[in-house]
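Rule-based calculations on the coordinates, nothing more; no lab input. Just so we're clear, the structure is a prediction, and the values are computed from it rather than from any experiment. Every residue, glycine among them, receives a Cβ derived from its backbone with ideal geometry; neighbour counts consider all protein chains shown.
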Amino acid sequence: MLDGVSLDQLRTFIAAADEGSFSAAGRRLRRAQSVVSQILAKLEGQLGVKLFDRSARFPVLTDQGRALLAGARAVAGDVDLFKARAKSLAGGLEPELSVAVDVMFPLAPFMSAVAAFQREFPATLLKFNIESSAVVEPVLDGRCAIGVWGIGSWSIVPPQLTHQRLLTVRTSMVVSPQHPLARYGATVPTIVLAEHIQLIHGDLAELSRTGTIGVLSPRVWRLSHLGAKLAFLRAGFGFGSMPLHLVEADLASGALVQITAEVAPPEGYVVAMSAIYRTHSPPGPAGRWFIDRLKHDDVQPLVQKASRAAASIDASAARRRLPSRSLASKRKTNR
């Protein structure tokens, strides 16, 4: 008998429980009260339990009825979601959206976009991996429809990929205050940087494309995990560049010190975070919406905050360098 339970019966059960009377449920469902009563009586017979106590003026849920109501709602909700997903797929909506995200992308706008996406596209399964720069390969081989990648002046974008700019991340070259470079006091010549270990963040595939671009020392430690790189910098193992939004607190507290390479551009190094996808296989409606959300969601406040922090850090670095020029001159004399 249970195999004969229908979705219509469950919706009638839910309506009667919500409305508190069979007549009100009938008005909601546009059916006569007698039809509602018959449907519920048949459902009770099939289930073998009483759903409503009809001894009073208005029907009241029994203990068994209350226990089964949540299950009825879940079944009806799943069917509604199933129908909505089928309708969306028929209209070209992706059943699944896979995104590879460079760990350099700020988390605040990304999490905001994920939350909004789940509300906007409940029928599309969102899958993402936050990677240590290993973003290009999953997009190229089709494992991910979209990549969120940091494109710098040193980056080589494969010709089969299209990219759309999202936001800009400024990077800062930093060392521990106990590191010899922290006491250098002025713009550090390349010949001096070459004497120290440089910590580089990136996966092997990315490094093979960029070669030695960005490498300022023959002594290189490569770390694919950005958190490990930050820990190594704090411990004084070497120098390296980090996204400013990740080291802002360290620079403010003095746990890290900003240095400037002789070959660095006046405005510092910036990375354009961009959405990438295969040109011959562009994202569908959900993917396009997600890219647009990443482009606009919380970007301006983030950029403004980073700019203010960068100006403050640059001013502090300039003040710190002033009394240290004699050290730099002394070092050059000793050479």
Notebook entry, point to check: Long-range amide H contacts for residue 101: which residues qualify at under 5 Å (H placed 1.01 Å from N, peptide plane, sequence gap of 5 or more or a different chain)?
Noted result: 129, 130, 131, 148
Note to self: Run the paramagnetic zone check for residue 168: 7 angstrom along Cα to Cβ, then residues of the range 246-267 with backbone nitrogen under 12 Å.
What the structure shows: 267
Next item on the list: For residue 238, list long-range residues whose amide hydrogen, built 1.01 Å from N in the peptide plane, is under 5 Å from its own amide hydrogen.
Entry: 176
Checklist line | In sequence order, calculated HN-Hα J values of the range 97-104 (Karplus, 6.51, -1.76, 1.60; Hz; x Gly/Pro) | finding: 10, 9, 10, 9, 10, 5, 4, 6
Next item on the list: Quote the FRET efficiency, to the nearest 0.05, computed for residue 23 versus residue 116 with a Förster distance R0 of 45 Å and r equal to the Cβ-Cβ distance.
Entry: 0.65
Next item on the list: Subtract the Cα-Cα distance of residue 225 and residue 279 from 0.36 nm times their separation in residues, and report this length gain in nm to one decimal.
Entry: 16.5 nm
Notebook entry, point to check: Which cross-chain or sequence-distant (5 or more) residues have an amide H under 5 Å from the amide H of residue 271, H modelled 1.01 Å from N in plane?
Noted result: 169, 170, 171
Next item on the list: Go ahead and run the numbers for FRET between residue 191 and residue 141, Cβ-Cβ distance against an R0 of 45 Å, rounding to 0.05.
Entry: 0.60
Next item on the list: Mind jotting down the three principal axis lengths of the range 101-202 based on Cα atoms? Whole angstrom, largest first.
Entry: 57, 30, 19
